[in-house]
Amino acid sequence: MAKEIKTIGVLTSGGDAPGMNAAIRAVVRKALVNGKKVKGILKGYSGLLNEEIIDMSANDVSNTIERGGTILFTARCKEFMTEEGQQRGAEICRKHGIDGIVVIGGDGSFRGAQKLANLGINTIGVPGTIDLDISCTEYTIGFDTAVNTAMEAIDKVRDTSTSHERCSIIEVMGRNAGYIALWCGIANGAEDILLPENYDYDEQKIINNIIENRKRGKKHHIIVNAEGVGHSASMARRIEAATGIETRATILGHMQRGGSPTCKDRVYASMMGAMAADLLCDGKTNRVVGYQHGRFQDFDINEALNMVKGIDPYQYQVAKDLSRHCQENV
Ligand code: ADP
Ligand code: F6P
């Protein structure tokens, strides 16, 4: 028989992502609508182990949907990777009367949720990461805002790069995944896009292209490089030495994680947070919410963590085809 849930806990874990506040707000308000109590756990699993737990009312999430970051703060917690830490976490949940938890974070955070579920605390994961690297879902909270932020920044770098007739390597986040780089590469009309998943790039070919384009009068050469490929500064030095064209590396960094969430991130995060609260209220556990084939769905965490997704080869091919250095594009 499904366990009756009286109190729901909510935490954010791993890297923050714009839209996490919309998800927290939805968990809090949907749980309250369903007649449950809500507790906010500060600073991810680290706050759980330190018992940094607060009661949450509908008012506590007022004026938060438009704010970047996470009002519950976030952290990475080594202690929670140990069996002892996980058992202590489950005991603390019981001590505070928390029967179910919504964990908003990435794959790593879901592994923590899985451990809590095995220890009898009902858990639901909500995908929150700018990296889009969670296999069971085509959408993760924060990706839309992050790619828009990066796209605007790359447009700005392009202005100055063109004025100085330089080559620019712009490194975007994504850890080991190239989704941000691929999307920005297409959106910014980059001449080259370097992805960790498609390590097929040939630096000499890039150098030849830059020289050819310059001969044809092209004023800039934008290379969007994923952080999983890295080495942007040394690559810039090598390209400048080989082409004689001034080359600069710009690492966009954490600015990609901040800022007010886009409409899509606010709405999708609200849907996912609400669904997570409903799933807990229905007695579900060890599930993760995802968005696939145009609808919000839930999956078993064990199955979700074993799913594999990669860069869509057609999207990558389109990106390459659109950046072809043909005469008409100069
Ligand atoms: P993300 O959730 O964005 O993938 P991390 O991989 O850093 O970020 O994971 C966030 C936190 O989740 C970790 O600091 C740790 O507390 C917890 N976690 C990660 N992996 C595990 C695991 N295998 N078992 C238990 N907890 C884990
Ligand atoms: O997972 C989100 C992310 O921003 C990655 O893109 C990046 O590799 C990492 O987090 C950076 O982590 P930190 O904030 O610890 O530097």
Q: Tell me which residues, restricted to region 91-115, are within 16 Å of ligand 2 (Cβ to nearest atom) and among the small types (G, A, S).
A: G105, G106, G108, S109, G112
Q: Tell me, yes or no, whether region 25-40 has at least one residue that is out of contact with any helix residue (DSSP H, G or I) (no Cβ under 6 Å at 6 or more places or on another chain) and either of a type in the set (S, T, Y) or within 16 Å of ligand 1 (Cβ to nearest atom) (or both).
A: no
Q) Can you name the number of the only condition in (1) under 30 Å from E4 (Cα atoms); (2) surrounded by fewer than 24 Cβ atoms within 10 Å (Cβ to Cβ); (3) within 14 Å of ligand 2 (Cβ to nearest atom) that R88 fails? A) (3)
Q: Determine whether region 59-67 contains at least one residue that is polar (S, T, N, Q) and either at pLDDT below 95 or within 16 Å of ligand 2 (Cβ to nearest atom) (or both).
A: no
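Just one of I222, I186, I180 is more than 19 Å from the chain's Cα centre (by Cα) and outside the structural domain of G273 (by TED's automatic domain parsing); which is it? Lay out the reasoning, then the answer.
Working: I186 fails: more than 19 Å from the chain's Cα centre (by Cα); I180 fails: more than 19 Å from the chain's Cα centre (by Cα).
Just one listed residue meets the conditions, I222.
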Q | Filtered residues of region 168-209 (kept if free of Cβ contacts under 8 Å to residues at least 60 places away in the same chain, away from ligand 1 (no atom under 16 Å from the Cβ), surrounded by 24 or more Cβ atoms within 10 Å (Cβ to Cβ) and not in a helix (DSSP H, G or I)) | A | L194
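Could you look through region 76-113, keep only residues that are assigned to a helix (DSSP H, G or I) and within 23 Å of G310 (Cα to Cα), and pick out the one that is farthest from ligand 1 (Cβ to nearest atom)? Break it down into steps so the answer makes sense when it comes.
In the first step, residues of region 76-113 are kept if they are assigned to a helix (DSSP H, G or I); the result is 79-81, 83-95, 107-113.
Add one more test, that the residue is within 23 Å of G310 (Cα to Cα), and what stays is 107-111.
On the way: D107: 4, G108: 2, S109: 3, F110: 7, R111: 4 Å.
The residue in question is F110.
Name the single residue that is surrounded by the fewest Cβ atoms within 10 Å (Cβ to Cβ) among those in region 276-327 being β-branched (V, I, T) and under 19 Å from the mean Cα position of the chain (by Cα).
To start, the set of residues in region 276-327 that are β-branched (V, I, T) comprises 285, 288-289, 301, 308, 311, 318.
Next, from what is left, pick out any that are under 19 Å from the mean Cα position of the chain (by Cα): 288-289, 301, 308, 311.
On the way: V288: 29, V289: 26, I301: 24, V308: 5, I311: 17.
Checking each candidate, the answer is V308.
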(Q) Take E51 and tell me if it is more than 26 Å from the chain's Cα centre (by Cα), assigned to a helix (DSSP H, G or I) and modelled with pLDDT of 95 or more. (A) no
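Kindly indicate which of R257, R158 is over 17 Å from K320 (Cβ atoms), modelled with pLDDT of 95 or more and away from ligand 1 (no atom under 16 Å from the Cβ).
Working: R257 fails: away from ligand 1 (no atom under 16 Å from the Cβ).
After ruling out the rest, the residue left standing is R158.
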Q. Has region 237-244 got any residue that is closer than 27 Å to E152 by Cβ, aliphatic (A, V, I, L, M) and not assigned by TED's automatic domain parsing to the domain that holds D107?
A. yes
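Return yes or no: is A277 touching a residue at least 40 places away in the same chain (Cβ under 8 Å) and more than 22 Å from V157 (Cα to Cα)?
On the way: touching a residue at least 40 places away in the same chain (Cβ under 8 Å): yes; more than 22 Å from V157 (Cα to Cα): yes.
Taking the combined requirement at face value, the residue satisfies it.
When you check S163 against the structure, is it surrounded by fewer than 22 Cβ atoms within 10 Å (Cβ to Cβ) and either touching a Gly at 6+ places or on another chain (Cβ under 9 Å) or over 25 Å from K218 (Cβ atoms) (or both), yes or no?
Numbers: surrounded by fewer than 22 Cβ atoms within 10 Å (Cβ to Cβ): yes; either touching a Gly at 6+ places or on another chain (Cβ under 9 Å) or over 25 Å from K218 (Cβ atoms) (or both): no.
Here the answer is no, as S163 does not meet what is asked.
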Q | Subset tally (residues that are in a loop (DSSP other than H, G, I, E, B), within 15 Å of ligand 2 (Cβ to nearest atom) and hydrophobic (A, V, I, L, M, F, W, C)) for region 116-167 | A | 3
**Q.** Pairs where the first residue, in region 91-119, is of a type in the set (D, E) and the second is surrounded by fewer than 24 Cβ atoms within 10 Å (Cβ to Cβ) and in a helix (DSSP H, G or I), C-beta under 7 Å, 6+ apart
**A.** D107/L305
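The values are calculated or read from the model by the stated rules, or taken from the named source; none is laboratory data. Predicted, not measured: the structure shown is a model, and the values here were computed from it. We place every Cβ from the backbone using ideal geometry, glycine too, and count neighbours over all the protein chains shown.
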